[in-house]
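Have a look at the structure below before the remarks.
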Amino acid sequence: MPHDSDNSSLPPTAASVLEVKDLHTQFDTRAGVLPVVNGVGFRLEKGKVLGLVGESGSGKSVTGFSIMGLLDAPGRIVSGQVLFNGQDLAQLDARALRNIRGNRIAMIFQDPMATLNPVLRIDVQMLETIHAHRKMGKAEALEHCRQTLARMGIPSPHERLKAYPHQLSGGMRQRVAIAIALLNGPELIIADEPTTALDVTIQAQILSEMQQLVRETGTALIWISHDLSVVAGLADDIAVMYAGRIVEHGSVDAVLDTPQHPYTQGLIGSLPSANQRSHRLQQISGMAPNLLDLPPGCAFAPRCPRAQARCQQPPDMQTIEPPLSQAATATAHTVRCFFPGAAPANAATPEAAADLSRSAA
Ligand SMILES: Nc1ncnc2c1ncn2[C@@H]1O[C@H](COP(=O)(O)OP(=O)(O)OP(=O)(O)O)[C@@H](O)[C@H]1O
Ligand code: SF4
Ligand SMILES: [Mg+2]
């Protein structure tokens, strides 16, 4: 079985806005060293959307922060590369990173108040963002702010510019935070669950606005979510994370229609489905692993319905993790499992997979 050593699912010839290679991020805590991101790698092309999914604690946000250079102590990148148009962001100093952030790369957070300053009017904050990175006359800059707010579906942008964040609804605040991220025309946006706290209607509107924006501008987008059904309708590719590793990666169609990893199959099986309301949802049994005490071999083994002796190496033997390997289903589909394959009956219900495929269409 051929191995994809840098964990990327695209052919190596594709021009990438972002190429993350074998990224390792740790937190040095009193209890010990937490290996939070373990060899994450992927490529992202212009205008493409990557959905990064996984349970709470799987390392999605820390991956995003590592790419952005926003890790705070005790977190640190210990190895790997974050190539943004070929330049390794992991090697840049704080000043050089600040020049790129908010300009060529932007991040959107679950809480819009992580972006917005509560005591400043929206126009002041937006103008500051523009002028931090480029020269533009005030009238032109204000017109640009209005257009960017309108692009995010914000009615009466002229009035909103004069508002303070607390005068806006939660959904409107998040739209403003996204508009601020868009102001300088970033080539890459990392969105960390920005719609999770919003009601489903607003969430759907924002997702559709983001999708249109990516198509129009060619911005590459990483959309982090614990919810597979959100990324199903938005992303081109999906990377599934477990215990700081990408365990499955491929096009939305490949990952949702023919999931090969038991964890992905469990995520799909645990989704509510319109066709199975009368059935109990299947949850992935067991707990997320303790990163300080990962089992030898495959980190998913204690919860895996398909685990075999090979998956759980005895402690006295060398710990051998399953490598990320080419799946048999599609060329750009990779899976980290010694025994990949279709789900056994009932593991991922056909109804749930069919629902996801419909929302992806
Ligand atoms: N400042 C920190 N100090 C110590 N450990 C941390 C810190 N930040 C994150 N971690 C650990 O890193 C792991 C991954 O966290 P991360 O926030 O990336 O998860 P996530 O996949 O984004 O989860 P969620 O869906 O809950 O947002 C967790 O086990 C968490 O405990
Ligand atoms: S390597 Fe083994 S334990 Fe891990 S996911 Fe595959 S079958 Fe399950
Ligand atoms: Mg998170």
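The values are calculated or read from the model by the stated rules, or taken from the named source; none is laboratory data. All of these numbers come straight from a predicted model, not from anything done at the bench. Here Cβ is always computed from backbone atoms with ideal geometry, including for glycine, and neighbour counts include all displayed protein chains. Keep in mind that these areas ignore ligands, DNA and RNA; they rest on the heavy atoms of the full protein, side chains included. Shrake-Rupley method; radii C 1.70, N 1.55, O 1.52, S 1.80 Å.
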If I build a Gaussian network model for the chain, linking alpha-carbon pairs within less than 10 angstrom, which residue out of R160, R245, R43 has the largest mean-square fluctuation?
R160
Ignoring ligands, DNA and RNA, what percent of the accessible area of the chain is carbon or sulfur (1.4 Å)?
52
Would you mind listing how long segment 201-277 runs along its three principal axes, going by Cα atoms, in whole Å with the largest first?
36, 31, 21
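For every other residue with a beta carbon closer than 14 angstrom to the beta carbon of H158, add +1 if it is Lys or Arg and -1 if Asp or Glu, then tell me the sum.
On the way: positive: R121, R146, R160, K162; negative: D123, E143, E159.
Every neighbour counted, the sum reads +1.
Where the convex hull is taken over the Cα atoms of segment 105-185, what is its projected area averaged over directions, in nm²?
Details: hull surface 19.1 nm².
Averaged projected hull area, Cα only: 4.8 nm².
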Measure of exposure for S169: accessible area at 1.4 Å probe, Å² rounded to 10, is 70
Would you list which aspartates and glutamates come within 14 Å of K138, measuring only between C-alpha atoms, while excluding same-chain residues fewer than 8 positions from it?
D123, E128
In the full protein assembly as shown, how much of D93 is accessible to a 1.4 Å probe, in Å² to the nearest 10?
100
Hits among lysines - C-alpha to C-alpha of K60 under 28 Å, sequence gap 8 or more where chains match
K21, K46, K48
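For segment 36-130, what value does the Rg/Rh ratio take when both radii are computed over Cα atoms and Rh is the Kirkwood radius, given to two decimals? The partial results should precede the final answer.
Details: Rg = 14.8 Å, Rh = 15.3 Å.
Looking at segment 36-130, the ratio lands at 0.97.
Enter the per residue convex hull volume of the chain, computed from alpha-carbon coordinates, in Å³ rounded to the nearest integer. Display every interim value, and only then the final one.
Working: hull volume 53.0 nm³, N = 361.
Measuring per residue, one finds 147 Å³ for the Cα hull of the chain.
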All other residues with a Cβ under 15 Å from the Cβ of L71 taken together, and with Lys, Arg as +1 and Asp, Glu as -1, what is their net charge?
0
Before I look further, what does segment 52-146 give for accessible area per residue, probe 1.4 Å, in whole square angstrom?
49
Put a dot 7 Å past each Cα toward the Cβ at N99 and M136; how far apart are the dots in nm?
2.0
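Hydropathy at least -0.5 by Kyte-Doolittle, axial extent at least 24 angstrom from the Cα trace: which helices of the chain, defined as entire DSSP H runs, fit? Could you put the intermediate results ahead of the total?
Details: long enough: 200-217 (25 Å, 0.06).
Those that pass (Cα extent of 24 Å or more, hydropathy at least -0.5) are 200-217.
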